[in-house]
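Throughout, read-outs are computed from the coordinates displayed, never taken from laboratory work. Just so it is clear, the structure is predicted and the values come from calculations on it, not from any experiment. When we count neighbours, we look across all protein chains shown, and the Cβ atoms used for this are built from the backbone with ideal geometry, even at glycine.
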Amino acid sequence: MNIDKTIENGCLTLKVEGRLDTNTSPDLSEAMTLDGVTEIVFDFAGLEYISSAGLRVLMTAHKAMMACGGKMSVRNPNDIVKGVFEITGMDGVFNIVEA
């Protein structure tokens, strides 16, 4: 998994490529620097797969943003990732944006 991380004007953008699963989810957790962040954007254009471990990382980010009045969005998920969100009901929790 590759993670490209940028922070600009309080917005943390994480472009994730590859597979987000039990083995790689700790890397994404570590990349989430939340000090001074009021918005998190996960760009999943290059994400091939997400497991329940990956969903936990997203839920942690979502809860952190809700607690500080911030916001979180998931951009450009492929059909497989969208399917996981739909099956788990996370499509009703996360703000999913398609470009």
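Taken over region 1-24, the criterion of being of a type in the set (V, I, T), under 14 Å from the mean Cα position of the chain (by Cα) and either surrounded by 15 or more Cβ atoms within 10 Å (Cβ to Cβ) or not in a strand (DSSP E or B) (or both) is satisfied by I3, T13, V16, T24.
Can you name the condition, by its number, that R75 falls short on among (1) under 22 Å from C11 (Cα atoms); (2) surrounded by fewer than 16 Cβ atoms within 10 Å (Cβ to Cβ); (3) charged (D, E, K, R)? R75 satisfies all of (1) under 22 Å from C11 (Cα atoms); (2) surrounded by fewer than 16 Cβ atoms within 10 Å (Cβ to Cβ); (3) charged (D, E, K, R) except (2). For region 50-99, a residue qualifies if it is over 18 Å from S29 (Cβ atoms) and charged (D, E, K, R), and the qualifying residues are K71, R75, D79, K82, E86, D91, E98. Taken over region 37-54, the residue count meeting the criterion of being hydrophobic (A, V, I, L, M, F, W, C), surrounded by fewer than 20 Cβ atoms within 10 Å (Cβ to Cβ) and over 12 Å from K15 (Cβ atoms) is 2. If you check T22, T6, T33 for being within 22 Å of A99 (Cα to Cα) and among the hydroxyl-bearing types (S, T, Y), only one passes: T6. If F85 satisfies every condition in (1) loosely packed, with under 14 Cβ neighbours inside 10 Å; (2) part of a helix (DSSP H, G or I); (3) of a type in the set (A, V, I, L, M, F, W, C) but one, which is the exception? Result: F85 passes all but (1). On the stretch given as region 30-70, residues that are more than 11 Å from the chain's Cα centre (by Cα), of a type in the set (S, T, Y) and over 12 Å from M90 (Cβ atoms) total 4. Looking at A61 and the list (1) assigned to a strand (DSSP E or B); (2) buried (at least 16 other Cβ atoms within 10 Å of the Cβ), which single condition is not satisfied? Going through the list (1) assigned to a strand (DSSP E or B); (2) buried (at least 16 other Cβ atoms within 10 Å of the Cβ), A61 breaks only (1).
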